[in-house]
1. In sequence order, what are the phi-derived ³J(HN,Hα) couplings for segment 117-123 according to the Karplus relation 6.51 cos²θ - 1.76 cosθ + 1.60 with θ = phi - 60°, rounded to whole Hz, with x for glycine and proline?
2. To the nearest 20 Debye, how big is the dipole of the chain about its Cα centre, given +1 on the beta carbon of each Lys and Arg and -1 on that of each Asp and Glu?
3. Across bins of 5 angstrom width beginning at 0, how are the C-alpha pair distances of the chain distributed, in whole percent?
4. Gaussian network model of the chain, Cα springs within a sub-10 Å range: biggest mean-square fluctuation belongs to which of Leu98, Leu16, Leu59?
5. Between Leu82 and Gln131, what is the spin-label point distance in nm, taking each point 7 Å from the Cα along the Cα→C-beta axis?
6. Show me the ranking of peptides 105-112, 5-12 by mean Cβ neighbours inside 10 Å, starting with the highest.
7. Using only Cα atoms, what is the ratio of the radius of gyration of segment 83-138 to 2.2 N^0.38 Å?
8. I'd like to know which of Leu94, Ser26, Phe75 lies farthest towards the positive end of the charge dipole of the chain, counting +1 on Cβ of Lys and Arg and -1 on Cβ of Asp and Glu.
Amino acid sequence: AGRRLLVLGSMCAMVLSTGMLTVALSNPGHGFAAPLAVISTVSFVASFGIGLGPIPWLLPAEVFGMDERAGASGFAASSNWLANFAAAQMFLPLSTALGGLTFLPFGGVLVVALVLTAIYMPETRGKSLEQIRAEMRS
């Protein structure tokens, strides 16, 4: 499968996992809640690991020329860490305010990212830099 498909599939599975985790956390004490929380968490981490985790680190090397690559990779890495920091800082206040619905805002961000990725991310597998750039321009 191509990188685009991996990222989109990964994001879809992460949205589904976030929804399942929300159901589990919103129903404490039910027999299904604990197993569903475990399954959804493992599913989220596995889905992240096959797509959204590694691809952003690889993509700048495939869509930028040699003269732009270092800056683009640095920007991508900095953006990634800044987003991680923001998510970590928001978690406890969201958890306090939303309880079992804590992961809904994160799921919403994933849905927006999924739509934007589907619209703007080109497939890079088996394509030259010139082909990728032509596709991004159109």
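The values are calculated or read from the model by the stated rules, or taken from the named source; none is laboratory data. Please read all numbers here as calculations on a predicted model, not as lab measurements. Here Cβ is always computed from backbone atoms with ideal geometry, including for glycine, and neighbour counts include all displayed protein chains. Accessible surface areas use protein heavy atoms only, side chains included; no ligands, DNA or RNA. Shrake-Rupley method; radii C 1.70, N 1.55, O 1.52, S 1.80 Å.
1. Residue by residue, segment 117-123 yields 5, 4, 7, 10, 7, x, 7 Hz.
2. Result for the chain is approximately 120 debye, rounded to the nearest 20.
3. P(r) over the chain, rounded to whole percents: 2, 10, 15, 20, 19, 13, 9, 6, 4, 2, 1, 0.
4. Result: Leu98 has the largest fluctuation of those listed.
5. Here the modelled spin labels are 3.3 nm apart.
6. Final packing ranking: 5-12, 105-112.
7. 1.69
8. Farthest along the dipole direction, towards plus: Ser26.
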